[in-house]
Amino acid sequence: MPLFEYACRHCASSFEEIRKFEERLSAPACPTCGSRETVLRLSAPGYVGVGAASAAAFCDAPGGCCGGACRN
Ligand SMILES: [Zn+2]
């Protein structure tokens, strides 16, 4: 399973989680503070400079992550 990087909105820490690709958008609990206010961080080159919050909002859009652009 792929490794995804998440950021916690509550304590601002980041952490990595191994999970199924299709489960990447279900927020894992933060290992530091236990908050589930965590967002998937996109590390693809095309998303450099995009804030974690806006990237997550983009990926939560109906129709799929990034409009399908980052599914591959
Ligand atoms: Zn946290």
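Computed from the coordinates by the stated procedures, all read-outs in this text should not be read as laboratory data. This is a predicted model, so every value here is computed, not measured. Glycine also receives a Cβ, built like all others from the backbone with ideal geometry; neighbour counts cover every protein chain displayed.
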Treat each spin label as a single point 7 Å out from the Cα along the C-beta direction, and report the S14 to M1 distance in nm. 2.1
Counting Lys and Arg as +1 and Asp and Glu as -1 over every other residue whose Cβ sits under 13 Å from the Cβ of E17, the net charge comes to +2
Cβ neighbours within 10 Å, averaged per peptide: list 12-23, 29-40 in order, most packed at the top. 29-40, 12-23
